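*Asks:* Right, I'll just put the structure down here and ask away after.
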Amino acid sequence: MTIKSRLCKDLGLKYPIFQGGMAHISTGRMAAASSNAGGLGLICSSGLSAAQVAEEVALCKQLTDKPFGVNLMLQSPEIDDIVQVVLDNKVPVVTTGAGDPSRFMPALLAAGVKVIPVIPHVRAAQKAEKLGAYAVVAEGTESGGHIGEMTTLALVPQVIKAVNIPVLAAGGIADGKSMAAMMLLGAAGVQMGTVFLVADECPIDDAYKQRVLEAADTDTMVTGRGTSHVVRALKNPMMQKYAELEKQDGTEDERNALAGGALYKAVHGDMEGGCIMAGQIAGMVRGGGTIGGIMERIVAEAEETLGTAGNLLGE
Ligand SMILES: Cc1cc2nc3c(=O)[nH]c(=O)nc-3n(C[C@H](O)[C@H](O)[C@H](O)COP(=O)(O)O)c2cc1C
């Protein structure tokens, strides 16, 4: 028995799995590997100029003939030009984060792009549906990176109840049982980030991969609660210093000096001064391998879990 979801038919995927956009990490090469593996690879445009996004899209197109997408960071200073790159290259899917996609919806929809906002609460999902979004990714606070307040388990069913478009679940999913659980809740698929950090094709430094592989369940921490810049990452001197500054009411300039470019530093191996973004599920990520291998492992376990779910029922 194989896992079924309307996402597969609508987006041309083998598996209803998105490799989430990850700044400085999910390049055209990594996205192509995810799409070739049967999921949807997403190139992250965050931190890139429009010209760099165009290069990543071109590389991705060279490496795969499967559908892929671009993750738009709506507060990017070059967002208008980046959207134009998406349109010029007929990129079939975009996910959006960090802002309001309204301004770009008419052009994207007119070009047939499937727009999938990443949302942290029901209100944002309803707004996305009204704007014509094809689906939403409901992302829980367990996730790595920039996060909202709601947990995946509380968020996903409430969003599913509130909208009539497909809902993908994100945050805290790294194995087939969790994927199956999300689909039992009614999710049309899942988006994962942390589990792909350790994949062979993921371009982060080996030290970063090692930190994820060795992480325990309680090894992440969150900074920026109460601001618009809430981040989950593995505990390290940089995150601890940032939290200290928050406690001592350090100035915004001091905090920005510490956080500026910090993910980039971690990606390039700085485990002390970098921001090692990862989700709470890092504690379960113990094996790497290829993106294809990771996806197949997760899907096989999800199919087995769903296939035997009836055993939980008695007479
Ligand atoms: C290192 C890292 C960087 C991320 N960067 C972004 C980003 O730039 N834009 C975005 O929309 N989501 C970003 N995310 C979120 C992922 O796309 C995905 O939704 C999330 O990782 C899912 O939760 P999980 O980490 O528990 O798998 C990032 C996640 C990680 C782990």
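Please treat every number below as a calculation from the coordinates, not as lab data. Treat the numbers as computed from the prediction; the structure is a model and nothing was measured. Cβ: placed from backbone, ideal geometry, glycine included. Neighbour counts: every protein chain shown.
*Asks:* In the range 206-267, if the dipole is taken from +1 on Lys/Arg beta carbons and -1 on Asp/Glu beta carbons about the Cα centre, which of Gly261, Ala243, Tyr208 is farthest to the positive end?
*Replies:* Sorting the options by dipole projection puts first Tyr208.
*Asks:* For n ≥ 4 DSSP H runs only, could you compute -39500 (n - 2.57) per run for the chain, divide by its residues and tell me the 222 nm figure to the nearest 500?
*Replies:* -11500 deg cm²/dmol
*Asks:* Where nothing but the Cβ of Lys and Arg (+1) and of Asp and Glu (-1) is charged, how large is the charge dipole of the range 25-136 around its Cα centre, in debye to the nearest 20?
*Replies:* 380
*Asks:* Going highest first, how would you order 113-123, 96-106 by mean Cβ packing within 10 Å?
*Replies:* Averaged packing, sorted descending, gives the order 113-123, 96-106.
*Asks:* Right, another one. Which FRET efficiency value, to the nearest 0.05, is calculated for Leu312 and Gln210 with the Förster distance at 45 angstrom and r the Cβ-Cβ distance? Write out the running numbers ahead of the final one.
*Replies:* Details: r = 38 Å, r/R0 = 0.83.
Efficiency for this residue pair is about 0.75.
*Asks:* Using 0.36 nm per residue of separation minus the Cα-Cα distance, give me the extension gain between Met221 and Asp249 in nm, one decimal. Please list the in-between numbers first.
*Replies:* Working: separation 28, 0.36 × 28 = 10.08 nm, distance 1.82 nm.
Using 0.36 nm per residue and subtracting the Cα-Cα distance, I get 8.3 nm.
*Asks:* Before anything else, pin down the relative contact order of the range 206-267: Cα pairs under 8 Å, at least 6 apart, normalised by residue count, whole percent. Let's see the in-between values first.
*Replies:* Working: 37 pairs, mean separation 15.4, N = 62.
In percent, rounded to a whole number, it is 25.
*Asks:* Which of the peptides 24-30, 161-167, 290-296 is most tightly packed, and how do the rest follow, judged by the mean count of other Cβ atoms within 10 Å per residue?
*Replies:* Working: 24-30: 22.9, 161-167: 16.9, 290-296: 19.7.
Per-residue mean Cβ counts within 10 Å order the peptides as 24-30, 290-296, 161-167.
*Asks:* Can you give the alpha-carbon Rg of the chain over 2.2 N^0.38 Å, where N counts its residues?
*Replies:* Computed over Cα atoms of the chain, the ratio equals 0.95.
*Asks:* Calculate the FRET efficiency for His121 and Gln62 from the Cβ-Cβ distance with a Förster distance of 30 Å, rounded to the nearest 0.05.
*Replies:* Values: r = 38 Å, r/R0 = 1.28.
After rounding to 0.05, the efficiency reads 0.20.
*Asks:* Another question about this same structure. Test of understanding: in a Gaussian network model of the chain with alpha carbons linked when under 10 Å, which of Gly47, Gly20, Gly289 would top the mean-square fluctuation ranking?
*Replies:* Gly289
*Asks:* Next question, about the same structure. Explain nothing, just the number: dipole magnitude of the chain about its Cα centre with +1 on each Lys and Arg Cβ and -1 on each Asp and Glu Cβ, in debye rounded to the nearest 20. Before the final figure, lay out each step's value.
*Replies:* Numbers: 26 positive and 34 negative charges, 176 e Å.
The calculated dipole for the chain is roughly 840 debye.
*Asks:* So, one more: Could you tell me the relative contact order of the chain? Use alpha-carbon pairs under 8 Å, at least six residues apart, and round to a whole percent.
*Replies:* Dividing the mean separation by the residue count of the chain yields 17 percent.
*Asks:* Right, another one. Would you kindly give the portion of the calculated P(r) for the range 206-267 that falls above 18 Å, as a percent of all Cα pairs?
*Replies:* Values: 661 of 1891 pairs.
Counting pairs separated by more than 18 Å, the tail of P(r) holds 35 percent.
*Asks:* Mind giving me the nanometre distance, one decimal, between the label points for Ile165 and Ala110, set 7 Å out from Cα along Cα→Cβ?
*Replies:* 1.9
*Asks:* Can you give the convex hull volume of the alpha carbon atoms of the range 76-181 per residue, in Å³?
*Replies:* In the range 76-181, the Cα convex hull volume per residue is 110 Å³.
*Asks:* For the range 264-315, which trypsin sites (Lys or Arg not before Pro) are both in a DSSP coil and crowded by at most 13 other Cβ atoms within 10 Å?
*Replies:* Arg286
*Asks:* Most exposed first by the Cβ proxy, i.e. fewest other Cβ within 10 Å, how do Asp205, Asp175, Asp200 rank?
*Replies:* In increasing order of surrounding Cβ atoms, one gets Asp200, Asp205, Asp175.
*Asks:* While we're looking at this one, here's another question. Largest first and to the nearest Å, give the Cα extent of the range 6-51 along each principal axis.
*Replies:* 33, 16, 16
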